[in-house]
Amino acid sequence: MKKPKIIWLNVSVFLLTFLFAAIAVPYRAITHGFDSTEILMAVACFIYCGMSITAGYHRLWSHKTYQAHWSLRIIYALGGAFALQNSILHWSSDHRIHHKHVDNNDVDPYSAKRGFWYSHIGWMLREYQVHRYTNYDNVRDLQKDAIVMWQHKHYLLLTVSLNFGIPLLFGWWHGDIISSLLLVGVLRLVLSHHTTFFINSLAHIWGKQTYTEKNTARDNGFLALLTFGEGYHNFHHIFENDYRNGIRWWQFDPTKWLIKSCHYLGLTDKLRTSPEDKIEKARLAMILKRSQQKLSNHPNAEQLLERLQHEYDALIHKINDYYAIKKALLTTKRDQLIADVEKSEMMSQYQELKQRLTEQRRSWQFFIEKLA
Ligand SMILES: [Zn+2]
Ligand SMILES: [Zn+2]
């Protein structure tokens, strides 16, 4: 089969910036050195670009997991153009297709099943899906956002002026234009590009399938460090409407922290999360499946499988009971149906079911660890 045409503009941009970052930057570091102000500025711009993509392009516009004030949307729109990752409209359109048709080699724009190179960068180097490059039917909602459309219309001007303007201005102010162009301009851009691209490549190859095996997405704490929290990609693919990717307090998800912090400042609103019981059930179903597979060759398989199923059913039962009363309790509290909710019969029932669930979780954990 004939390969699609090469997109020379993309190839040149990726190749030239990469060569400058790999050769000219180290050469300048050795022969001239960079000072701490330059390094700090490059790090700040790296964070600004990265989080405009994760909090803005990804969690706000592609998935609508929360709402943001126009001032924040302008900041994201500029940061996204600075990150040189195409317009919000185009990026979100690609990304929604990626979720809807994940791993489908013919439709998913960066299908991980086509290999590391393709999903990382190869998909942007040739006209693989030229027929839909200007089809924005799946982002009609975003077309109502004036900031999105303004950025889309002036994307080229914005991306060129930010990528040259910021390094030039900073270099002029700081007194070393060449160092600034190399560090704040090129190295920042290349690192920002490839760490983001890892989410499409590595985060679909390397890590744990904690919640689902229906697609290639993986949870990977190390990748989360490089991608402002987007490494928890298995969770993200199953609960894509959740503004969080790392849901535990100890998981590194600065994008979530940013969105939440902005909420306290009144800049973000309507933060969406997935129901806790659904998340726990998805995780348990995966543990059940893996344990069943592990047990199938065991000499005592039949007996152990039966016990496993029994523990699982008991746990699901208690989860259902607990979350049902929790929900009822919240409704009662909200509507103040009972004058003193804290002392009510419902509250003591809730406490009891909570205790029972904790015990059942312990028993399940104990049994699963014994099997391991
Ligand atoms: Zn996504
Ligand atoms: Zn993905």
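No value in this document is a laboratory result; all are computed from the given coordinates. In this text, all values refer to a predicted model and were calculated from it rather than measured experimentally. Neighbour counts run over all protein chains shown; Cβ positions are idealised from the backbone, glycine included.
Miscellaneous remarks
- Relative contact order, percent, the chain [alpha-carbon distance under 8 Å, six or more residues apart]: 16 percent
- Estimated from helical segments only, the mean residue ellipticity of the chain at 222 nm is -18500 deg cm²/dmol, where each DSSP H run of four or more residues counts as -39500 (n - 2.57).
- Using only side-chain charges placed at the Cβ, +1 for Lys and Arg and -1 for Asp and Glu, the dipole size of the chain relative to its Cα centre rounds to 520 debye.
- The protection proxy used here, the mean number of other Cβ atoms lying within 10 Å of each residue, ranks peptides 203-216, 133-146 as follows, highest first: 203-216, 133-146.
- Distances between placed amide hydrogens fall under 5 Å for R126 paired with I7, all partners being 5 or more residues away or on another chain.
- Computed from Cα atoms, the angle from the helix 188-200 axis to the main principal axis of the chain rounds to 40 degrees.
- Local electrostatic count at R126 - Lys and Arg +1, Asp and Glu -1, tallied over other residues with Cβ under 14 Å: +3
- Angle between the chain longest axis and helix 345-371 axis [Cα atoms, degrees, rounded to 10]: 80 degrees
- Length-normalised contact order for the range 276-371 - Cα pairs under 8 Å, 6+ apart - percent: 33 percent
- Unit charges at the beta carbon, dipole of the range 183-332: most positive-side option, H194, L223, L330: H194
- Contact order normalised by residue count of the range 167-282, Cα under 8 Å, 6+ apart, percent: 16 percent
- Angle in degrees between helix 8-19 and the longest Cα principal axis of the chain, rounded to the nearest 10: 90 degrees
- The phi-based Karplus calculation (6.51 cos²θ - 1.76 cosθ + 1.60; θ = phi - 60°) puts the 3J(HN,Hα) values of the range 219-233 at 8, 8, x, 5, 5, 4, 4, 7, 10, 6, x, 7, x, 7, 8 Hz, whole numbers, x for Gly and Pro.
- S296, S201 arranged by Cβ crowding within 10 Å, fewest neighbours leading: S296, S201
- The phi-based Karplus calculation (6.51 cos²θ - 1.76 cosθ + 1.60; θ = phi - 60°) puts the 3J(HN,Hα) values of the range 264-281 at 5, 8, x, 8, 10, 8, 6, 5, 9, 10, 8, x, 4, 5, 5, 4, 5, 5 Hz, whole numbers, x for Gly and Pro.
- Centre-to-centre, using Cα atoms only, the range 295-372 and the range 1-33 are separated by 55 Å.
- Each of I287, C45, T268 was scored by the projection of its Cα onto the charge dipole of the chain, and the greatest displacement toward the positive side belongs to I287; charges sit on the C-beta of Lys, Arg, Asp and Glu.
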